[in-house]
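One structure is given below, encoded as structure tokens.
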Amino acid sequence: MFSNYELILESVAQASKGLVLEFGVGTGNLTEKLLERSLDVIGIEPSSAMRHLAQTKIANLLIMDGDFLSYNLPVNQVDTIVSTYAFHHLTDQEKHQAIRQYKNILSSDGSIVFADTIFLSTKHKYDFI
């Protein structure tokens, strides 16, 4: 895990409000923090194996197949969009496209709260790995 992993998850959860759309649910670590704060969560996860793990861990979770750019929502708007350690998988162009899409589904006072990895260079990235 990353340094301060739990603290980062808690910080993202603390900055969230209302109906939360979570991209890249994975095994549900952030989801649990959001639910502990009594927030409503819609999860989006592209991996069927991860969806299964998260659903087993959190029975009541609405988790759907999809990714940052391709998803179907059962609602028109959400109050917060969150993700941890997944947005870096997109290209810069895909990131711009995603953010443009999100403004169409965020409530008027909604927010995006992402925590992700950033490396100074490709060398630093591979040194870390």
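Which of the following residues is among the charged types (D, E, K, R), part of a helix (DSSP H, G or I) and at pLDDT below 95: Lys125, Lys33?
Within the list Lys125, Lys33, the selection yields Lys125.
Please go through the range 92-106 and pick out each residue that is over 15 Å from Val75 (Cα atoms) and under 15 Å from the mean Cα position of the chain (by Cα).
Hits for the range 92-106 are Lys95, Ala98, Ile99.
Take the residues in the range 66-78 that are over 18 Å from Met50 (Cβ atoms) and at pLDDT 95 or above, then tell me which one is surrounded by the most Cβ atoms within 10 Å (Cβ to Cβ).
This residue is Val78.
Search the range 13-52 for residues being acidic (Asp, Glu) and more than 10 Å from the chain's Cα centre (by Cα), and hand back the single one that is surrounded by the fewest Cβ atoms within 10 Å (Cβ to Cβ).
Glu36
Looking only at the range 79-106, count how many residues are part of a helix (DSSP H, G or I), surrounded by 18 or more Cβ atoms within 10 Å (Cβ to Cβ) and among the hydroxyl-bearing types (Ser, Thr, Tyr).
Going through the range 79-106 one residue at a time, the tally reaches 0.
Take the conditions modelled with pLDDT of 95 or more and either of a type outside the set (A, V, I, L, M) or at negative phi (or both) and apply them to Glu45. Does it pass?
yes
Looking at Glu45, Glu32, Glu22 in this structure, which one is charged (D, E, K, R) and over 22 Å from Asn104 (Cα atoms)?
Answer to the selection: Glu32.
Between residues in the range 45-57 that are over 10 Å from Thr27 (Cβ atoms) and residues that are loosely packed, with under 13 Cβ neighbours inside 10 Å, which pairs lie under 9 Å by C-beta distance while being six or more apart or on different chains?
Pro46/Ser70
The values are calculated or read from the model by the stated rules, or taken from the named source; none is laboratory data. Owing to the predicted nature of the structure, the values given are computational and were not obtained by experimental measurement. Here Cβ is always computed from backbone atoms with ideal geometry, including for glycine, and neighbour counts include all displayed protein chains.
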